[in-house]
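Heads up, the thing below is written out as structure tokens.
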Amino acid sequence: MPIYHESKKGKTTYTVVATSKINGKQFNRKRRNISSMAQAKRVEIDLRLELRQLKESPNRLTWNSWSDSCIQRMKLEFKNSTIMGYQGNLTKWTNPCLGHYFLDQITGSMIHELIFNRIQGLGMEGRRGVLKQIKRILTMAVEEGLISRNPALGISVKVPEAKQLVLNRTEIDTLLSEAKKRNHSFYNHWALALLTGMRNGELHALTWTDVDFENKVVSVTKSWSIKDGLGPTKSTRNRYIPISNELEMFLRHLKSKNLTSDGKVLEQLDHWVSGEQAKVLKEFCREIGITPIKFHDLRATFITQMLIRGVSLAKVMKIVGHSTIKTTMRYLRLVAQDTQGATESLGITLPREFDTGNVVNLFQN
């Protein structure tokens, strides 16, 4: 079991390499960047013990071998973009730190060190994503009986809530009237998003066969993205959006114009297909002097307008396709912003504690 040393700029580091043949298969273990010979010898003992344990218990799995197995299973269940996200984080962050350890050797402190110290150049949202993936893979190991508990469960990453922008009623009217007046190519897309609360990918995938004028509902059963193409909705559940009178008038007029030849409700604009819809809307909002929102904020605007008009949380959740009521409840804060100052119109005046007309001027002569 050799120990190598390397000197750079007057600093010496050590590398320990261990090999063993188990059931006819060669296994290698390596540790780099060890700061002293004494530490290298301790690592050598650890590696020898690790290989011996592997030989005695060949069914023990390392993080690398188990995560590879999990990815293969996930390919049957998740979208390609999700799998790519897992593989990217595993290759860049997780495998270099945990890859050679057996699953039952991984501790909470090792995962904490990885998430908060070893990962560099990644924001808290990204770190939370890596942690979520680690938790899922270790949960699968618990379910298979490979480990008794998930060491990542007690770890969490706090992420500051991103500021959600919405349009108020006046700004909605301004956006639509200005877009209509200027014959903006995205007018139909913005109008339909505001009238249905559908996600961008769901609007991409919407066809006229999904629009039932007789029963006055729009069926949301699929979504489209650049990475995954056509697939199920985000929650993988179908939902149905009631067609209001305004939406029916808009859809019938749109259908009569026969703008598409592929059965799609909306034109597949170049800027839309290439994913530039957020930039286009933000620039137009700035140009006409309203809150510079992104395309997904049209959905948030729809939700807040529904809540302002007294539609129950449960109904809004069902219409927009949230998986839990907790997600819908986050929009209540935006409702409070939109209605700021509305109670001033109540016109109720309480009796004052002091009547200024009866105040005596003590400084009069």
For this session: Could you tell me whether segment 188-203 includes any residue that is among the acidic types (Asp, Glu), buried (at least 19 other Cβ atoms within 10 Å of the Cβ), modelled with pLDDT of 95 or more and outside any loop (DSSP other than H, G, I, E, B)?
Result: yes
Seminar exercise, completed: By my count, helices (runs of 4 or more DSSP H) wholly in segment 26-137 with at least 1 residues that are under 29 Å from ALA162 (Cβ atoms) and not hydroxyl-bearing (Ser, Thr, Tyr) are 63-74, 80-89, 95-98, 108-113
Seminar exercise, completed: The condition of being within 19 Å of the chain's Cα centre (by Cα) and open to solvent by less than 90 Å² (accessible area, probe 1.4 Å) holds, among ILE288, ILE293, only for ILE293
Exercise. Among the residues of segment 133-152, how many are of a type in the set (Gly, Ala, Ser) and modelled with pLDDT of 95 or more?
Worked result: 1
Exercise. With (1) at pLDDT below 95; (2) out of contact with any strand residue (DSSP E or B) (no Cβ under 8 Å at 6 or more places or on another chain) as the list, and LEU103 as the residue in question, which single condition is left unmet?
Worked result: (2)
For this session: For residues that are among the aliphatic types (A, V, I, L, M) and at pLDDT below 95, tally how many sit in segment 255-266.
Result: 1
For this session: Kindly establish whether LEU98 is closer than 20 Å to ASN28 by Cβ and open to solvent by less than 10 Å² (accessible area, probe 1.4 Å).
Result: yes
Exercise. Using beta carbons and a limit of 8 Å, which pairs, at least six apart or on different chains, have the first residue in segment 17-41 and surrounded by 11 or more Cβ atoms within 10 Å (Cβ to Cβ) and the second one assigned to a loop (DSSP other than H, G, I, E, B) and at pLDDT 85 or above?
Worked result: ARG29/HIS100; LYS30/HIS100
Exercise. So which residues in segment 154-171 are closer than 22 Å to SER109 by Cβ and surrounded by 13 or more Cβ atoms within 10 Å (Cβ to Cβ)?
Worked result: ILE155, VAL157, VAL159
Exercise. What residue, of LYS227, LYS257, LYS216, LYS234, is out of contact with any Leu (no Cβ under 7 Å at 6 or more places or on another chain), more than 27 Å from LEU165 (Cα to Cα), of a type in the set (Lys, Arg) and touching a residue at least 24 places away in the same chain (Cβ under 8 Å)?
Worked result: LYS216
Problem set entry | Unmet requirement for ARG252, which otherwise passes all of (1) modelled with pLDDT of 95 or more; (2) open to solvent by 20 Å² or more (accessible area, probe 1.4 Å); (3) under 20 Å from the mean Cα position of the chain (by Cα) | (3)
Problem set entry | Output for segment 103-135, where each listed residue is free of Cβ contacts under 8 Å to residues at least 40 places away in the same chain, of a type in the set (D, E, K, R) and either open to solvent by less than 80 Å² (accessible area, probe 1.4 Å) or over 13 Å from LYS158 (Cα atoms) (or both) | GLU113, ARG118, ARG127, LYS135
For this session: Mind counting the residues in segment 209-246 that are over 24 Å from the mean Cα position of the chain (by Cα), surrounded by 15 or more Cβ atoms within 10 Å (Cβ to Cβ), more than 16 Å from LYS318 (Cβ to Cβ) and hydrophobic (A, V, I, L, M, F, W, C)?
Result: 1
Exercise. Can you find a residue in segment 289-299 that is of a type outside the set (Ser, Thr, Tyr), touching a Gly at 6+ places or on another chain (Cβ under 9 Å), at negative phi and not in a strand (DSSP E or B)?
Worked result: yes
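The values are calculated or read from the model by the stated rules, or taken from the named source; none is laboratory data. Bear in mind the structure is a predicted one, so any value in this text is a computation, not a measurement. No Cβ is skipped: glycine too gets one built from the backbone with ideal geometry, and neighbour counts run over all protein chains shown. The area values use the complete protein model at the heavy-atom level, side chains included, leaving out ligands, DNA and RNA. Shrake-Rupley method; radii C 1.70, N 1.55, O 1.52, S 1.80 Å.
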